[in-house]
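Heads up, the thing below is written out as structure tokens.
The values are calculated or read from the model by the stated rules, or taken from the named source; none is laboratory data. Everything numeric in this text was worked out from a predicted model, so none of it was measured. A quick note on method: Cβ atoms are made from the backbone with ideal geometry, for glycine too, and the neighbour counts reach across all protein chains shown. Remember, those area values only see protein heavy atoms, side chains included, never the ligands or the DNA or RNA. Shrake-Rupley method; radii C 1.70, N 1.55, O 1.52, S 1.80 Å.
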Amino acid sequence: MAELTIRLADENDCKDLALVFIDSFGISAENNNKLIENTANTLKHRINKKVSDFYIAFQDDKAVGLGAETRFLGSSYIGYVGVLRSVWRHGIGTKLFQFILEKAEKHNPTIELFANPGADSVYRKLDFKDQFLTYKVELTSTKDIVIEKVQEEEQIPQWIFDLDKLAMRCDRSHLLQFLISEPKTSLLSFEDKGYLITTDKKIGPVITKDIEAAYNLLNYSLATGKKTMLVPDKQLPFLKPFSPVEKQRCVKMIKGVALKNEPNLILGYNSFASS
């Protein structure tokens, strides 16, 4: 087998990253060229904004794998790990993941990820521990909830940064700033009790102190149509009024120092960034 080389990717690698990502995760579209262009632009934006460090793996000068570390102050998430289907089961994904893991462990004492079913067993062998199941669900608005006190914020108030840090026990300020800069994105707040970031297709993250804030924020966002949201399993019962329909599930896993976060405040994540 040809030697595998792995390095930090830059914006010039984005088309190769996109091609591997699309092939690895089995993504298809009617206009494949447009899909490649959009995916490459999305990855380029994340790289240029320094939200994630992407790594690219080559074999015989051909891009065969990708993965990323999204780094916060206190925790790193590993995601986007995938290899071309033509080289599955050659150990490339494992080598790539271990390479990124070693990099991440130099930055933070806590490493987190969302594992697709089947991949979780690989991560357990690398000392990752299961935390909980997380579901991607489609939600629908309900007329039974009266919307009030919801504000659309132009900038992120300090109390939202503070609430997010309290909930997650790591500083995600840079990520939140990046998310609200994305096209068709809105930041919603409910008094000082919760916030939600939403686009025309999805909701998340959602951090709230109580159910009143959560229901008002969700229904405001869903007024424009059905959207998907990534929900920890313990929070699913609270979403019953919004008729959740499961689309996908992942296992939330962690390695290293356990974060003393506040799971009751975490209603929704932004992305699985799964592998």
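Tabulated data
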{"item": "Portion, in percent, of the accessible area of the chain that falls on carbon or sulfur, probe 1.4 Å", "result": "49"}
{"item": "Per residue value of the accessible surface for region 85-159 (all protein chains in place, 1.4 Å probe), Å²", "result": "62"}
{"item": "Cα centroid separation, region 36-107 to region 111-168 (Å)", "result": "21"}
{"item": "Gyration tensor verdict on region 115-182 (Cα atoms; rounded if a/c is under 1.5, prolate if a/b is larger than b/c, oblate otherwise)", "result": "oblate"}
{"item": "Correct choice for Cα extents along the principal axes in Å that was computed from the model, options (1) 62, 44, 32; (2) 90, 50, 26; (3) 53, 47, 27", "result": "(1)"}
{"item": "Rounded, prolate or oblate (a/c below 1.5 giving rounded, otherwise prolate when a/b exceeds b/c) for region 46-114 by Cα gyration tensor", "result": "prolate"}
{"item": "Sites T94 and L259, calculated FRET efficiency, Cβ-Cβ separation with R0 25 Å, nearest 0.05", "result": "0.45"}
{"item": "Most mobile listed residue (Q131, Q248, Q158) in the chain, GNM with C-alpha springs under 10 Å", "result": "Q158"}
{"item": "Neighbour-limited loop hits for GluC sites (Glu not before Pro), region 187-275 (at most 16 other Cβ within 10 Å; DSSP other than H, G, I, E, B)", "result": "E191"}
{"item": "Choice from G65, G91, G204 with maximal GNM fluctuation in the chain (Cα, 10 Å cutoff)", "result": "G91"}
{"item": "Percent RCO, i.e. relative contact order, over the chain, from Cα pairs under 8 Å lying at least 6 residues apart", "result": "22"}
